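Scroll down for the structure; my scribbles are underneath it.
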Amino acid sequence: MAGSTWGRRAALGLMAAGCTPGRPPAQPHGPSLRAAARARGLVFGTAAQAALLRQDAALRALVAAEAEVLVPEYEAKWGPVQPREGEWNLAPLQELASFAAGAGQRLRGHCLVWHEGNPDWLLAALAEGPARARRVMEDHFRALLGATAPVMREWDVVNEMIANPPGSDNPSPTPGDLRDTPWLRALGPGYVELALRTARQADRTLRLTLNDYGMEADTPWAAEKRARLLRLVRALLDRGAPLDAIGLQAHLQMREPFRPEPFIAFLRELRSLGLSVSLTELDVREPDLLAPGIAERDALMAAYLEQVVRAAIEGGVRTVITWGLTDRDSWLVSMPAVARPDGAATRGHPYDAELRPKPFRDALLRAFG
Ligand code: XIL
């Protein structure tokens, strides 16, 4: 892949966005989420799509003003980055890097190894066995981490590696703690450690994160998933695997009860292992039955959200990242698998479909204190 021009292009982004280095543009209204978070020693960020930022100046202003960290919603995933073996498509990522540079934002890499978003050629390569699987992992990591090194200092190295406990969201129950994925089948249960070591080998100072979902609620299912993650993390650290942080996606579901105590205890357990913990994909799904009106739905959702974010901060979380800022662009609306079964549009983000702020945003400001 061509030598990296990330640093220069990111600098060009500064001029393009009409900003001086490190200072975000004027705030759209009141204290921004990034400023409120910073005032409390916290970091607020959001995921974004290059294509949406390109076409919408209002969204660009909002994302630049509100977020200190930017996460490519899918431009850094395997399929978009290396759609065919040896063919690289880094332009959208470059675009996000330029935007982030102009807005005084850091980029967070998501994600290197996942069971979704993989091109057919990769699945075929993984099916050829461990030697080929290791080589494609090493090649991909070395090229992508090398190209993005100047602008991306943190990555979700493996995403959603924990097997879901029996019950909901469990298409393929498997023995053990690891989800049944093409990576597990190709490389065995050591693939998580291999991915971490391969990333560390590609970049000695990269912050390496394992990222997963379904760990927040006060349910036996979530408790079991938390236990599985802790078992994996302890085993990795006992083997000296390079692991710096845990990302909890925090795709909250209001139909699930939440109690601060078990969640805080879990966060403190992870912190006691020397790991930092972030909320990396925060949004809120409403219960299946519609609440009476929008005002009530928003109020209920804001209350649920606030208690979770407060508990997270109490447990030592210092970075809170939403999976997008607006209901309009949310995967909770566009993806049937997570959209409302009754066809209504989920209102699970800080801003509504017309980019107006919602009680969700106020709840974040209150939780940031
Ligand atoms: C989702 C994106 O939001 C969609 O736009 C894309 O089509 C599929 O992936 N957990 C993750 C994210 O780690 O990468 C997923 O993002 C949402 C669930």
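The values are calculated or read from the model by the stated rules, or taken from the named source; none is laboratory data. The model shown is predicted, which means the values in this text are computed figures rather than measured ones. Virtual Cβ from ideal backbone geometry, glycine too; neighbours counted across all protein chains shown. To get the accessible areas, we keep the full protein, side chains included, count just its heavy atoms, and leave off ligands, DNA and RNA. Shrake-Rupley method; radii C 1.70, N 1.55, O 1.52, S 1.80 Å.
Roughly how many percent of the accessible protein surface of the range 75-131 is carbon and sulfur, given a 1.4 Å probe and a whole-percent answer?
55 percent
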*asked:* Give me the percent relative contact order of the chain, please, defined on Cα pairs under 8 angstrom at least 6 residues apart.
replied: 15 percent
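Counting other Cβ atoms within 10 Å of each Cβ, which trypsin sites (Lys or Arg not before Pro) in the range 31-79 have at most 15 and sit in a DSSP loop? Write out the running numbers ahead of the final one.
Working: sites: R34, R38, R40, R54, R60, K77; in loops: R40, K77.
Qualifying residues, ordered by number: R40.
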*Hey, got the Cα dimensions of the range 26-112 along the principal axes, in Å, largest first?*
47, 27, 16
*Of all accessible surface on the range 132-172 at a 1.4 Å probe, what whole percent is carbon and sulfur?*
50 percent
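Hey, what number do you get for the chain at 222 nm if only DSSP H runs of n ≥ 4 count, each worth -39500 (n - 2.57), divided across all residues, to the nearest 500?
Details: 15 runs with 162 residues, N = 369.
The helix-only estimate for the chain comes to -13000 deg cm²/dmol at 222 nm.
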*Residues of the chain: accessible area per residue with a 1.4 Å probe, Å²*: 40 Å²
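Could you please state how large a percent of the accessible area of the range 211-289 is carbon and sulfur, counting protein chains only and using a 1.4 Å probe?
Working: 1540 of 2950 Å².
Ligands and nucleic acids excluded, carbon and sulfur reach 52 percent.
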*What order do you get for 200-209, 63-72 when each peptide is scored by the mean count of other beta carbon atoms within 10 Å, highest first?*
63-72, 200-209
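Scale the Cα Rg of the chain by the rule-of-thumb value 2.2 N^0.38 Å and send over the ratio, two decimals. Before the final figure, lay out each step's value.
Values: Rg = 19.8 Å, N = 369, 2.2 N^0.38 = 20.8 Å.
Ratio of Cα Rg to 2.2 N^0.38 Å: 0.95.
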*Determine the percent antiparallel among the DSSP beta bridges restricted to the chain, to the nearest 5.*
10 percent
*Can you work out ³J(HN,Hα) from phi for every residue in the range 263-268, in order, using Karplus 6.51 cos²θ - 1.76 cosθ + 1.60 and θ = phi - 60°, giving whole Hz and x for Gly and Pro?*
5, 4, 4, 5, 4, 5
*Sort 186-195, 267-276, 103-112 for me by packing, meaning the mean count of neighbouring Cβ atoms within 10 Å per residue, highest on top.*
103-112, 186-195, 267-276
